[in-house]
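Let me begin by presenting the structure, written as structure tokens, before commenting on it.
The values are calculated or read from the model by the stated rules, or taken from the named source; none is laboratory data. Just so it is clear, the structure is predicted and the values come from calculations on it, not from any experiment. Backbone-built Cβ (ideal geometry, glycine too); neighbour counts: all protein chains shown. SASA here: full protein model, heavy atoms, side chains in, ligands and nucleic acids out. Shrake-Rupley method; radii C 1.70, N 1.55, O 1.52, S 1.80 Å.
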Amino acid sequence: MTGVVRFRQMIREQRRQQGGRLALAAGAGAIVTVASVLLLGLSGWFITGAALAGVAGGAAIGAFNYLLPSAAIRFLAIARTGARYIERVSGHAAALKALARLRPALFDGLAAGPPARARALSSGEASARMIQDVDAVQTLFVRLSTPWAAGTGGIAAVALAGLAGPMVAAAAAAGILLSVLGALLIGRRAADPAGRRVQIATGRFKDRFSALQAAAPELRAYGLEAWAVEQIAAEARTLDRRTIDAAAAAGWMTAWQGAVTGATVVGVVLLSRAAPLPLVALAALAAVTGIEAAAALVASFRQSGAATEAVERLGDLLDDPAPETGALPAGGTISLTGPDLILTAGARLAVTGPSGAGKTTLIERLMALRTPVAGEIALGGVDLATADARAVRAHFAYAAQDIRLLAGTVRDNLALARADAPETELWAALETADLAGRVRALPAGLDTALGDNGERLSGGERRRLGLARACLRPAAWLVLDEPTEGLDAATEARVLARLDARLAATGQGLILVSHRPAPVALCDQIIAVTGLAVDGRVVMKPAAARAAA
């Protein structure tokens, strides 16, 4: 089963779950169009009839019943307004509730899928898919009411036009049908491809913008601001062209609607020459409102291409679900094939080696953040190449070398590791990272906003906040990648001393990547990574262990 098929199944499931709201929206939409057709048709008849009665003289005016038509017009106006409100609220509520479930499901599928797929997505492209593409999908819910509205509106329009004669009704029906078919053809030929290209161009624009924004300090340092602006402007121009193409396609559809409306009105008037003038007005206005009712269906044609492209782009994030292998044994004994090393609960391992040798690759494979190589690493006696990624990740708390922070508060960033942690444990984790004093000095303490990617903190403070976050996660193994890089000697000594005390108190195991001697001294076992073998395995060998204290 492809990811697109899976995603379409997810959409169908959400349609079933939101069936009540969608049915209410469809019913209300039908009432809106029928009321609109009757309102305009009756208004035309009433105005024309009243005018003719006035021309005919006082006797005709006295005989003309204006109370019932005026009461019906007021009723239809109120009914249309109320039904429109119900349609909008119900339809958009269904769409928003569905999207609120689809976004987490997509993120869940991405996280559970092959690591290579998630790593291939830049932050900008991921943002475009999870925000813009998901937003485009909402039209698949909102527009479900349009066929019902267009159909009932068309039937009501043809029925009213039929009061002036069967040929008049046939002309009105032909006009409505012709407007829909022509718009459908224009949509397939122009609007659909244009909508698809807009979605793709938006993703590329956000991807480029995000990449250059992340490199903003370097761009300023090298005086490349103008070059960066031109790069973004080039993508923006492409997006603008695609948007203009989509607008042009929509314009052609609108022009077609206008031309068909004019031709239909002329035909209806000519065919109803023998009918009374009030019925002629009623028939002409009914035909106009019938085509307007179909315009909602035409609008959905304009959005079809963008929605289809969004579904395909989002489906690319999903794969067949991996088979459940069940929970791994508690404690998670780690076996490394290369150095024939077995790490039991509470062990401390340092991973050393030259830059680029594969140290980070090794620990990311260990945590199923990269695709494991068969026979390289086992956890709890299970080869990671066959283990469920989520079951593997549950054994580890991780502070990466490149710390990523939310554009939120200190508390928000700590909550990523453990949302229900009491405040005392938040402060204890900050103490371990030698960051508690700095956070207390912030204007709002734990509730201080840190800015985009923690811009209010220095590089060393961001790294220590990442360490505090990892310390909050209740996992068997704490994995740290260059945890003291960029710290001065005194701060490094305090952090390592507190980390040593914490590990001794909790019995948590430690896997640490570093080329600095002080962090390595925390560990009782050391391996050296020397590179990658031809088959992709990380080449490891035992190194001298720390001397006993």
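Report the residue count in the range 489-523 for those that are in contact with a helix residue (DSSP H, G or I) (Cβ under 8 Å, 6 or more places away or on another chain) and among the charged types (D, E, K, R).
Of the residues in that region, 4 qualify.
If the requirement is being small (Gly, Ala, Ser), over 24 Å from LEU362 (Cβ atoms) and free of Cβ contacts under 8 Å to residues at least 40 places away in the same chain, which of these qualifies: ALA444, ALA449, ALA521?
ALA444
Between a residue in the range 374-395 that is without any contact (Cβ under 8 Å) to a residue 60 or more places away in the chain and farther than 23 Å from ALA417 by Cα and any residue that is part of a strand (DSSP E or B) and open to solvent by 20 Å² or more (accessible area, probe 1.4 Å), which pairs come within a Cβ distance under 6 Å, given they are 6 or more apart or on different chains?
ALA378/SER335
So, THR361, is that one touching a strand residue (DSSP E or B) at 6+ places or on another chain (Cβ under 7 Å), among the polar types (S, T, N, Q) and assigned to a helix (DSSP H, G or I) or not? Quick ask: steps written out before the conclusion?
Values: touching a strand residue (DSSP E or B) at 6+ places or on another chain (Cβ under 7 Å): yes; among the polar types (S, T, N, Q): yes; assigned to a helix (DSSP H, G or I): yes.
Here the answer is yes, as THR361 does meet what is asked.
For a quick check of your reading of the model, give me the residue pairs whose first member lies in the range 237-261 and is on the phi < 0 side of the Ramachandran plot, whose second is among the hydrophobic types (A, V, I, L, M, F, W, C) and open to solvent by 80 Å² or more (accessible area, probe 1.4 Å), with beta-carbon atoms closer than 8 Å and at least 6 apart or on different chains.
As it stands, the answer is VAL260/LEU178, since those pairs meet every condition given.
Considering only residues that are under 18 Å from ALA120 (Cα atoms) and not charged (D, E, K, R), look in the range 349-366 and name the one that is surrounded by the fewest Cβ atoms within 10 Å (Cβ to Cβ).
THR361
Taking the conditions exactly as written (out of contact with any Gly (no Cβ under 8 Å at 6 or more places or on another chain) and either open to solvent by 40 Å² or more (accessible area, probe 1.4 Å) or part of a helix (DSSP H, G or I) (or both)), does GLY223 satisfy them or not?
When the stated conditions are applied, GLY223 passes them.
How about the range 433-449: which of its residues are under 21 Å from ARG502 (Cα atoms) and open to solvent by less than 20 Å² (accessible area, probe 1.4 Å)?
Correct list: ALA433, LEU435, ALA436, VAL439.
Among the numbered conditions (1) exposed (fewer than 13 other Cβ atoms within 10 Å of the Cβ); (2) free of Cβ contacts under 8 Å to residues at least 12 places away in the same chain, tell me where PRO276 comes up short.
(1)
Quick check on my filter: what residues within the range 470-491 are more than 40 Å from the chain's Cα centre (by Cα) and not hydrophobic (A, V, I, L, M, F, W, C)?
Of everything in the range 470-491, those that are more than 40 Å from the chain's Cα centre (by Cα) and not hydrophobic (A, V, I, L, M, F, W, C) turn out to be ASP488, THR491.
Conditions (1) open to solvent by 80 Å² or more (accessible area, probe 1.4 Å); (2) aliphatic (A, V, I, L, M); (3) more than 26 Å from GLY203 (Cα to Cα), marked per residue:
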site: VAL229; (1), (2), (3): yes, yes, no
site: ARG237; (1), (2), (3): yes, no, no
site: ASP240; (1), (2), (3): yes, no, no
site: ILE244; (1), (2), (3): yes, yes, no
site: ALA250; (1), (2), (3): no, yes, no
site: ALA259; (1), (2), (3): no, yes, yes
site: ALA263; (1), (2), (3): no, yes, yes
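Got a sec? Which of LEU414, LEU430, LEU405, LEU426 is part of a loop (DSSP other than H, G, I, E, B) and open to solvent by less than 20 Å² (accessible area, probe 1.4 Å)?
Going through LEU414, LEU430, LEU405, LEU426 in turn, just one is part of a loop (DSSP other than H, G, I, E, B) and open to solvent by less than 20 Å² (accessible area, probe 1.4 Å): LEU405.
List pairs: first residue in the range 490-507 and open to solvent by 40 Å² or more (accessible area, probe 1.4 Å), second residue part of a helix (DSSP H, G or I) anywhere in the structure, Cβ distance under 8 angstrom, at least six positions apart or on different chains.
Note: pairs meeting the criteria are ALA493/ALA518; ARG498/GLU431; ARG498/THR432; ARG502/THR432; ARG502/CYS471.
Could you list all residues from the range 127-179 that are among the hydrophobic types (A, V, I, L, M, F, W, C) and touching a Lys or Arg at 6+ places or on another chain (Cβ under 6 Å)?
Listed by number, the residues that qualify are ALA128, VAL134.
Considering the range 130-143 alone, what residues qualify as being at pLDDT 80 or above, surrounded by 17 or more Cβ atoms within 10 Å (Cβ to Cβ) and of a type in the set (D, E, K, R)?
ASP133
Is it the case that the range 161-172 has a residue that's open to solvent by 20 Å² or more (accessible area, probe 1.4 Å), in contact with a helix residue (DSSP H, G or I) (Cβ under 9 Å, 6 or more places away or on another chain) and closer than 16 Å to GLU292 by Cα?
Yes, some residue in the range 161-172 is open to solvent by 20 Å² or more (accessible area, probe 1.4 Å), in contact with a helix residue (DSSP H, G or I) (Cβ under 9 Å, 6 or more places away or on another chain) and closer than 16 Å to GLU292 by Cα.
Got a sec? Which of ASP402, ASP434, ASP388 is over 23 Å from THR484 (Cβ atoms) and among the acidic types (Asp, Glu)?
ASP388
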